[in-house]
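Participant: Pasting a structure here, questions to come.
Derivation of every value follows stated rules applied to the coordinates shown; laboratory data play no part. Quantities reported herein were computed from a predicted structural model and do not represent experimental measurements. Note that each Cβ is placed from the backbone with ideal geometry, even for glycine, and that neighbours are counted across all protein chains shown.
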Amino acid sequence: MGMRSALLFVIALLFAAPAMAADLTVTIRSTSGQSVRDAVVTLQPTAAQAPAPIRFSWPYKVTQQNLQFDPFVLIVPQGSEVSFPNKDGVRHHVYSFSSAKPFELKLYGKDESRSVKFDKTGIVALGCNIHDGMVGFVIVVDTPYAMKSDASGSVTLRGAPAGPATLRIWHPYMKAGNNQIERRIVVPAGGMTEAVVVQLRPAPDHSRSY
Ligand SMILES: [Cu+2]
């Protein structure tokens, strides 16, 4: 690349960057003061977005290992193909009754995998016909601004457009309609930090605590 084309390339990059992109950090605690992990935070800007393929950095995969779904909560863009590899020495029979994607993957064994395409947005609760204790969730979204909270209860959505938006926080055990709370916010150009306190029900799956 010559000097002149290199310069043009840099200028093109500068103009390609979205105007006033902001970072939004959300920290989620329970009413008992615990950091809440596995909460799904999504931001839906009110202004129409240019349609672009949404891609997340994590694999679109739910492994069955040690009689659990791993990860417990997976966020994928609408239209994604998710693989369900079995790493256990026993067979699993993965299913969902959720309206966003009812499906059934009949019994399959160790080191076998199946996949499912999630074409509608929504919450898809996963279960196994053989092992009642296996619980998991696939969250199908149509926004690139989506992430689940880490062990410190925190999420940072990067590069969100400044302006009005709807912020949603979902957790499988949240005491709220549809396990979700919703806030209308205005994302400032300089970014923002939100602290949210949520009320949780006890986890029915005793292998996890919140
Ligand atoms: Cu199973």
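Participant: Under 37 °C and 0.692 mPa s, how fast does region 53-143 diffuse according to Stokes-Einstein, given a Kirkwood radius computed over C-alpha pairs? Answer in µm²/s, whole number.
Facilitator: 254 µm²/s
Participant: How far apart, in nm, are the 7 Å Cα→Cβ label points at Ile185 and His93?
Facilitator: Between Ile185 and His93, the label points sit 4.3 nm apart.
Participant: Given +1 on the Cβ of Lys and Arg, -1 on the Cβ of Asp and Glu, and no further charges, what dipole in debye does the chain carry about its Cα centre, rounded to the nearest 20?
Facilitator: 140 debye
Participant: Right, next: Hey, in the GNM for the chain with a 10 angstrom Cα cutoff, which one of Asp23, Asp111, Asp70 fluctuates hardest?
Facilitator: Looking only at Asp23, Asp111, Asp70, the biggest GNM fluctuation is shown by Asp111.
Participant: Compute the relative contact order of the chain as a whole-number percentage, counting only Cα pairs closer than 8 Å that sit 6 or more residues apart in sequence.
Facilitator: That works out to 31 percent.
Participant: What is the Cα convex hull volume of region 99-198 when expressed per residue in Å³?
Facilitator: 157 Å³
Participant: Also: Quote to one decimal, in nm, the extra length available between Thr46 and Ala195 on full extension: 0.36 nm per residue of separation minus the C-alpha distance between them.
Facilitator: Details: separation 149, 0.36 × 149 = 53.64 nm, distance 2.14 nm.
Extending this stretch completely gives an extra 51.5 nm.
Participant: Note the full-extension length gain between Ala151 and Phe56 as 0.36 nm times their separation in residues minus their Cα-Cα distance, in nm to one decimal. Don't jump to the answer; show the numbers that get you there.
Facilitator: Numbers: separation 95, 0.36 × 95 = 34.20 nm, distance 1.93 nm.
Fully extending the segment from Ala151 to Phe56 adds 32.3 nm.
Participant: Given H placed on each backbone N at 1.01 Å, which residues far from Ser80 in sequence or on other chains put an amide H within less than 5 Å of it?
Facilitator: Phe118
Participant: What whole-number distance in Å separates the alpha-carbon centres of region 91-124 and region 161-183?
Facilitator: Cα centroid of region 91-124 versus Cα centroid of region 161-183: 25 Å apart.
Participant: In whole Hz, what ³J(HN,Hα) sequence does region 172-178 give by Karplus (6.51, -1.76, 1.60; θ = phi - 60°), x for Gly and Pro?
Facilitator: Karplus values, whole Hz, x for Gly and Pro: x, 10, 6, 7, 6, x, 6.
Participant: Under 5 Å between amide hydrogens, which residues at least 5 positions from Leu126 or on another chain qualify, with H placed 1.01 Å from N in the peptide plane?
Facilitator: Gly136, Phe137, Val138
Participant: Given +1 on the Cβ of Lys and Arg, -1 on the Cβ of Asp and Glu, and no further charges, what dipole in debye does region 53-143 carry about its Cα centre, rounded to the nearest 20?
Facilitator: 120 debye
Participant: Quick one: 3J(HN,Hα) in Hz for region 48-65, Karplus 6.51/-1.76/1.60 with θ = phi - 60°, rounded, Gly and Pro as x.
Facilitator: 4, 9, 5, x, 9, x, 8, 9, 9, 7, 8, x, 8, 8, 10, 8, 9, 8
Participant: Could you give each residue of region 125-140 its phi-based ³J(HN,Hα) in whole Hz, using Karplus coefficients 6.51, -1.76, 1.60 with θ = phi - 60°, and x for Gly or Pro?
Facilitator: Ordered by residue, 3J(HN,Hα) equals 7, 9, x, 10, 4, 8, 10, 4, x, 7, 9, x, 9, 10, 10, 9 Hz.
Participant: Relative to the longest principal axis of the C-alpha atoms of the chain, give the angle of the C-alpha long axis of helix 3-16, reported between 0 and 90° and rounded to the nearest 10°.
Facilitator: That works out to roughly 60 degrees.
Participant: Same structure again: Taking 0.36 nm per intervening residue step and subtracting the Cα-Cα distance, what contour gain separates Glu112 from Asp142 on full extension?
Facilitator: Gain on stretching Glu112 to Asp142: 7.8 nm.
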